[in-house]
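This report concerns only the one structure given below.
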Amino acid sequence: MKSFAYYPGCTLKTTGKAFEQSAYAVTGVLGIQMREIERWNCCGTVFSLTTDDTMHHIATVRNMIRVEEMGEREVLTLCSMCYNTLKRANEFIASDPVRLAELNDFMYKEELKYSGKVKVRHLLEILRDDVGWEQIRSKVTKPLSGLRVASYYGCALVRPEGAGVDNLEDPTVMEDLVSSLGAEPVNWPSRLECCGSYQTLANKDLVLERTEHIVSSARESGADLIILSCPLCEFNIGTRQAEVAERSYGFKGLPVLYFTQLMGFAFGLEAKELGIEDEATIKLITEMGAA
Amino acid sequence: MIELGRHTKSRRDILDKVERISEVDVFACYQCGRCSGDCPSISLMDIMPNQAIRLLQLGEVEAVLSSKTIWVCASCFTCTSRCPKGIDIARVLEALRQVCLRKNIDQLDLNNIPEEERERYPTIAWVSALRKLSG
């Protein structure tokens, strides 16, 4: 059994519990063990774009030390924003020995200093590069034939160049996963568009506009549901659909799932093991599986 | 009325600071407008991203610093990824935000968020909004 140090991040312990729960379930089926890092701290959620403020990256250093304390050289992430922030901050720190030494200076209470050698990975990369689509296909007991799935990448999973899991303008990793599960990937125009992210606090209207546009785009392209990899996108284009429906006459929503939840269905796991409560979604997918 | 082309010392200082924080040369921009065409948040902006860059080139830093644009940007990196001149526009906007935030001028008043809303927001939204919009 392949084992990975696992970094959950704050939201997978609160509003995004279903993501973590379903990830544990499907990695279990694939023989991957996720070992949660002890005493992890928040990643900071957004990578600082300043060149003169090294302090903004300190949260990442401490998390990387936790990974090395486990004797690991790789860390598995699920949340797109954690992945993006940890990966970019880690590369920013590790690429400059002076910067690494400066930040290690603040780690005086740690027994280990950070070596700069940890690699930050996303579960989607591990599924593609370590597990392989064939292996995933072999675990499918309920092929989701006929189900049309729109893969939503948003920003943090693909941008900017070098920070993503795949090609930044034409990623295929989620569509390949969807095909492996027996479902039909939908080609749609808004899969790389930002949902408005944290503007959900400061500019709610912006997010509602984005949600309406993104969900409608998926729907018009023939999707039955949307899958994604970010608990903030899930809130914005999932939970907020109810508010869009209140203000936009004729708006029709779509179920939004984490990609791990869709995998779980295809692997024959129960909805409750995957943290899915919405009856309509369960009905939609199970009918497909039975077909 | 905006008088163009006036690089006074104080304006030059702010522009220098923006270029230092971002390590981006705003004078590389030739105004193709690709950044604005692809920006998903453009509808709530008062000046477009390419206009912001042009105003900086002209030394009109106050017009950009007082715009809604720099606070509406969510750093999705679409502009950065697609600029044909390789200008990292997201970094320029971050530097502009930092010029304000380093003076402790916050853009997020948590009192404006209704209580019933607070309960449901994901942790990740709080952390990122506070990091991006407060000093």
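Observations on the structure shown:
- Here B:S43 clears all of (1) small (G, A, S); (2) buried (at least 17 other Cβ atoms within 10 Å of the Cβ); (3) closer than 21 Å to A:C194 by Cα except the condition numbered (2).
- For beta carbons closer than 7 Å, sequence separation of 6+ or different chains, a first residue in the stretch A:2-31 that is within 14 Å of another protein chain (Cβ to nearest Cβ) and a second that is charged (D, E, K, R), the qualifying pairs are A:P8/A:E20; A:P8/A:E36; A:L12/A:E20; A:G16/A:E234.
- Within the stretch A:112-119, the presence of a residue that is aromatic (F, W, Y), surrounded by fewer than 21 Cβ atoms within 10 Å (Cβ to Cβ), in a loop (DSSP other than H, G, I, E, B) and at pLDDT 95 or above is excluded.
- Given (1) within 11 Å of chain A (Cβ to nearest Cβ); (2) out of contact with any Leu (no Cβ under 9 Å at 6 or more places or on another chain); (3) within 23 Å of A:M55 (Cβ to Cβ); (4) among the hydrophobic types (A, V, I, L, M, F, W, C), number of the condition B:F77 does not satisfy: (2)
- Filter pass, A:T211 being out of contact with any Leu (no Cβ under 9 Å at 6 or more places or on another chain) and either assigned by TED's automatic domain parsing to the domain that holds A:T77 or open to solvent by less than 30 Å² (accessible area, probe 1.4 Å) (or both): yes
- Which numbered condition B:R6 fails, given (1) modelled with pLDDT of 95 or more; (2) over 15 Å from B:C83 (Cα atoms): (1)
- Conditions (1) within 14 Å of chain B (Cβ to nearest Cβ); (2) touching an Asp or Glu at 6+ places or on another chain (Cβ under 8 Å); number of the one not met by A:V149: (1)
- Residue among B:S36, B:S75, B:S81 that alone is closer than 24 Å to A:V158 by Cα, assigned to a loop (DSSP other than H, G, I, E, B) and open to solvent by less than 60 Å² (accessible area, probe 1.4 Å): B:S75
- Test result for A:C194, in contact with a Cys (Cβ under 8 Å, 6 or more places away or on another chain), within 12 Å of chain B (Cβ to nearest Cβ), open to solvent by less than 10 Å² (accessible area, probe 1.4 Å) and on the phi < 0 side of the Ramachandran plot: yes
- Verdict on A:L254 being assigned to a loop (DSSP other than H, G, I, E, B) and open to solvent by less than 20 Å² (accessible area, probe 1.4 Å): yes
- Of all residues assigned to the stretch A:86-96, at least one qualifies as being within 22 Å of B:R97 (Cβ to Cβ), open to solvent by 20 Å² or more (accessible area, probe 1.4 Å), over 20 Å from the mean Cα position of the chain (by Cα) and not aliphatic (A, V, I, L, M).
- Of the residues examined, B:Q31 is not one that is open to solvent by 40 Å² or more (accessible area, probe 1.4 Å), more than 14 Å from chain A (Cβ to nearest Cβ) and not in a loop (DSSP other than H, G, I, E, B).
- Yes/no for A:S221 being among the small types (G, A, S) and at the interface with chain B (Cβ under 8 Å from one of its Cβ atoms): no
- Candidates A:E74, A:E102, A:E91, A:E110: the one that is of a type in the set (D, E, K, R) and closer than 19 Å to A:V46 by Cα is A:E91.
- In the condition set (1) touching a residue at least 24 places away in the same chain (Cβ under 8 Å); (2) surrounded by fewer than 19 Cβ atoms within 10 Å (Cβ to Cβ); (3) not polar (S, T, N, Q), A:M81 is compliant with all but (2).
- Residue in the stretch A:227-234 that is more than 18 Å from the chain's Cα centre (by Cα) and in the same structural domain as A:L144 (by TED's automatic domain parsing) present: no
Table: residues versus (1) open to solvent by 10 Å² or more (accessible area, probe 1.4 Å); (2) under 24 Å from A:L284 (Cα atoms).
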{"residue": "A:N104", "(1), (2)": "yes, no"}
{"residue": "A:K142", "(1), (2)": "yes, yes"}
{"residue": "A:Y152", "(1), (2)": "no, yes"}
{"residue": "A:N167", "(1), (2)": "yes, no"}
{"residue": "A:E175", "(1), (2)": "yes, yes"}
{"residue": "A:S179", "(1), (2)": "yes, yes"}
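- Among residues of the stretch B:104-132 that are more than 23 Å from A:K17 (Cα to Cα), those with a Cβ under 6 angstrom from a residue that is assigned to a helix (DSSP H, G or I), sequence gap 6+ or separate chain, pair up as B:Q107/B:W71; B:Q107/B:L133; B:L108/A:A202; B:L108/B:A129; B:L108/B:L133.
- Candidate set: the stretch A:32-50, residues that are in contact with a Ser or Thr (Cβ under 9 Å, 6 or more places away or on another chain), in contact (Cβ under 8 Å) with a residue 12 or more places away in the chain and among the β-branched types (V, I, T); chosen: the one farthest from the other protein chains (Cβ to nearest Cβ): A:I32
The values are calculated or read from the model by the stated rules, or taken from the named source; none is laboratory data. Here the structure is a predicted model, which means the values were calculated and not measured. Because the Cβ atoms are built from the backbone with ideal geometry, glycine has one as well, and the counts that use them run over all protein chains shown. Quick note on the areas: whole protein, heavy atoms, side chains included, nothing else; ligands and nucleic acids left out. Shrake-Rupley method; radii C 1.70, N 1.55, O 1.52, S 1.80 Å.
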